[in-house]
Amino acid sequence: MVDWIDMSEASLWGLVAGFVTSVVGGPINVTLINEAAKNGFHRSLLIACGAVLMEAIYCVAAFAGSAELLENRWVQAAMELISFFLVLILGIKYLRVEPVKVDPSVEEFVERKFHPRGAFWIGFTRMLGNPGVLLLWFGVTGSLVAHRAIEPVWSCKGLFCVGVAISSFLWFAVLSWGISHGQGTGRFSPTALRRLSQLSGVVLLITAVIVGGRLMMLLVKR
């Protein structure tokens, strides 16, 4: 029986996961930086809305894809091991991330490839064109369910996805507002974004240590 504590934990995990994955300097952040600097906050915010919607769809798809697999005990054990290496590799990658490069040709590249109409669809197609996001969420959701951090019921899974969407949107909104209203202040400079990415790397490495410790305890017991 799922209670309010389980649902609250799922929401909290979603908020944390959404923030950690959003602050990394990727295509969406670069697009938002460009748009906020050139065309202002409101257009950048519409792009963020499209990106958040597609990310939420990826998150739901990841839960749906892993639901059947995690019912098998051996698959669940394999998922725990894979999640450990995935989180460890991502943590190291985020720690070593290069400063965000603001490329003014990003929007032109998107329009040439996907022909999106409107700011919302630019954000949507930018996220859609990055299947690595789906793989990331498959690993994250599979790991959380395998470790029972989230109960394997759709009420908790749905709240996790809502938490991801809220956290991602808030980060994108703050980034867009900071660029459009604070140019020249350095608040959201490439160096600042790099430091946030490195902070995400630290969080992921701590998570990897926790997951690795749990795996070691299971091996000792057996």
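We did not get these values from a lab; they are worked out from the coordinates using the rules stated. Treat the numbers as computed from the prediction; the structure is a model and nothing was measured. We place every Cβ from the backbone using ideal geometry, glycine too, and count neighbours over all the protein chains shown.
For the listed peptides 129-138, 29-38, 153-162, a ranking on the average number of other beta carbons within 10 Å per residue, highest first, reads 29-38, 153-162, 129-138. If you plug the beta carbon distance of L170 and A37 into 1/(1 + (r/R0)^6) with R0 = 25 Å, you get a FRET efficiency near 0.80.
Sequentially through the stretch 43-49, phi angles give Karplus couplings (6.51, -1.76, 1.60; θ = phi - 60°) of 5, 4, 5, 5, 4, 4, 4 Hz, Gly and Pro residues having no value and appearing as x.
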